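Reading through the C-alpha cells given below for one structure.
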Amino acid sequence: MRNRILRTIRERELIAIGDHVLLACSGGADSVAMTRVFSAIARPRKLRLTLVHLNHGTRGEASEGDEQFVRRLAAELDLPCVVERRDVKRMARRRKVSLEMAARDARYSFFAEAAVTAGAGIVATAHTLDDQAETVLLNLGRGTGLAGLGGIPYVTERDSVRVVRPLRDMRRADVIRYLSRNEFAWRDDASNADECHLRNRVRHTIIPAMARALNPEVVDAIARTSRVAADDDAWLTSLAEELMGACQYPAPSAGEAFDLAVAVLANLPVAARRRVLRLWLAHRGAAVEQVSLEMVDRIDALVRGRRGSGTVVLSAGWRIERSYGCLRVARTRDRDQEIAFRYRVQRSGMTLVPEASLCVETSVAEGIWREPSQGIGMLPARASLSLKALGRSALFVRSWREGDRMCPRGMRGSKKLQDVFSDAKVERSMRGCVPLLECRGEIVWLAGYCVARGWEVPDDAARALQVQVAPVV
C-alpha cells in the first residue's frame, strides 16, 4: 500500500520533498491508513505533518469518541494535532442544505483556516477509488457532463489551499487489509450504513447490484471511464480557453474583464460555445456550481438569435446583454447606485418590476412546488404560499432593505436577510435586486430561499398561491 500511494504522489505530482502537509483525519479506516503511511514516509521525504480533525457534533458520544481517538493517534505518532468543533446541524438549518453538504463545507473551511494558521500549503484527504466510483454514479444520476464523469480530481484548489488525494488509486478493501494486517485500530461510523443517505445507497445497494449483473470489477471500470473523462475534459477546457481568447472583443489588457464577439462565438460548434460561455462566466465572477446548463443555453440562444440585441437575466441584478455585436455582463445596480421597488402583486396574473426587469406571475392551484432552487436571486424562482395565511391581505413584491428579517420555515425565531445573503455568498452590490414578497409587513418569501414559517402549504391537496419570479427579456 505504501508503494502504491507513493506512486500516485509521484505520478500526479501531489506533494514535493519538504512540504508541510495537513492530514485530514476523521478516525475512519481510510484516513487512519493515510495517516499511518504518511508517518512512515515523512522522514525520507522530509515532510512536516499535522493532523487536523473537525468534530461535527452530529453523532453525540460517537463524535466525542472520534475526536479522542484522533488525539491519541497524533500522540502515538508524535504529530501536532489541530481539532475544532462546529455545529454542522445548525449550519445545515441556517443554509437550508443537507447535513452532508453542510459538513463538507465546514470541513473544507476548517482545513483552509488550519492551513493558514499552521503555515501549510497542502491538505491531504483520504478519498479512495470506491469514493470515486460512488461520486461518478451520483453525478450521472443527477445529470452531468465530462467534468462530472471525471469525479473527484487528484488535486483541487480551495480557498487558496492545495487539496490532494493520495489514496485515489486505492480500493477500500485494500485499506482494510492493510490496517488489519498491521493490527492498526480505526473508528467505524455507524451512519455509513444508513441508506437514508444517497451515497450510502449507491455504496451498499447500487454498486453491488451492478457488480452482480454487469461486471464484478465495476468499480475499476468506472474509475477507468472517469480517468478518460477527466483527461478529455481538461483537454477540451484548454481548447475552450484558446477559443475564448479568440472571441474577446475588444482585446483587453492583462487581467481586465472583457466582452465576447458574437460573430466569432456564433460560428463555433455548440459544445465549444457552451464551454466558452462557462469559462467566460467564471472569469466574470460567477460561481461554477451555480452555472447550470439551462442558464448557458439561454445565453447561447441569445448568441444565435437573429436580433441584434437582447438580454438574458441570470439573477436579480446580473444580466447578459447582446448589443452592437458583442456579449457583455451588465449589472442592474452597482455599489454606488441604489435601486428600490415595491409593487402590489396581482392575486392571479402578472406584475412587472421594470427597475429589475422582473415579472411576478401568480395563480391559484393545488400542490406544492418542490423543485430545488438554483440559489438565492437565481431566476426563474418559484414558491407555493398558503392561501389561508394570505387571506384577503395584499401581497407586495419589493427590494431588500437594511434591517429586514424573516422567520424561515423550520427555524425558531427570525433571521436577518443580511445573514441569509452572506451565507449564500450573494454579493453586496446585488442584494438590493433580489425580490422578496411581503404581506402585512412580514417577509413571506425571498426569491430562491424558503418560504416563511406559517406560510407553508400543508399538503398537495390544498389550494395554494403559486408564485414564479422570472426575468423579462
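The table that follows gives values for the structure above.
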| quantity | calculated |
| --- | --- |
| Selected residue [of a type in the set (Lys, Arg) and touching a helix residue (DSSP H, G or I) at 6+ places or on another chain (Cβ under 7 Å)] from Arg187, Arg162, Arg142 | Arg187 |
| Residue in the stretch 31-46 that is closer than 23 Å to Asn192 by Cβ, of a type in the set (D, E, K, R) and out of contact with any Ser or Thr (no Cβ under 9 Å at 6 or more places or on another chain) present | yes |
| Given (1) surrounded by fewer than 16 Cβ atoms within 10 Å (Cβ to Cβ); (2) assigned to a helix (DSSP H, G or I), index of the condition Pro44 fails | (2) |
| Conditions (1) more than 30 Å from Ser98 (Cα to Cα); (2) free of Cβ contacts under 8 Å to residues at least 40 places away in the same chain; (3) assigned to a helix (DSSP H, G or I): number failed by Arg36 | (2) |
| Failed criterion for Ser238 (all others in (1) of a type in the set (Gly, Ala, Ser); (2) farther than 28 Å from Asn3 by Cα; (3) surrounded by 15 or more Cβ atoms within 10 Å (Cβ to Cβ) hold) | (3) |
| Residue match in the stretch 382-392 (condition: modelled with pLDDT of 75 or more, surrounded by fewer than 18 Cβ atoms within 10 Å (Cβ to Cβ), of a type outside the set (S, T, N, Q) and not assigned by TED's automatic domain parsing to the domain that holds Leu446) | no |
| Total residues in the stretch 450-471, condition surrounded by fewer than 18 Cβ atoms within 10 Å (Cβ to Cβ), small (Gly, Ala, Ser) and over 23 Å from Asp423 (Cβ atoms) | 3 |
| The stretch 47-82, residues that are loosely packed, with under 14 Cβ neighbours inside 10 Å, small (Gly, Ala, Ser) and touching a residue at least 24 places away in the same chain (Cβ under 8 Å) | Gly65 |
| Strands (runs of 3 or more DSSP E) wholly inside the stretch 116-197 that include at least 1 residues being surrounded by fewer than 16 Cβ atoms within 10 Å (Cβ to Cβ) and in the same structural domain as Ser98 (by TED's automatic domain parsing) | 155-158 |
| Test for Arg85: is it in the same structural domain as Arg187 (by TED's automatic domain parsing), of a type in the set (Lys, Arg) and crowded, with 16+ Cβ neighbours inside 10 Å | no |
| Pair list, Cβ under 9 Å, 6 or more apart: the stretch 212-228 residue exposed (fewer than 12 other Cβ atoms within 10 Å of the Cβ), other residue not basic (Lys, Arg) | Leu214/Ala221; Glu217/Ala211 |
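Quick grid of which residues meet (1) modelled with pLDDT of 90 or more; (2) part of a helix (DSSP H, G or I); (3) surrounded by fewer than 13 Cβ atoms within 10 Å (Cβ to Cβ):
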residue: Glu256; (1), (2), (3): no, no, yes
residue: Ala263; (1), (2), (3): yes, yes, yes
residue: Arg275; (1), (2), (3): yes, yes, no
residue: Trp280; (1), (2), (3): yes, yes, no
residue: Ala286; (1), (2), (3): no, no, no
residue: Glu289; (1), (2), (3): no, yes, yes
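The values are calculated or read from the model by the stated rules, or taken from the named source; none is laboratory data. These numbers were taken from a predicted model, which means no experiment stands behind them. Neighbour counts are summed over all protein chains in view; Cβ atoms, including those assigned to glycine, are modelled from backbone coordinates with ideal geometry.
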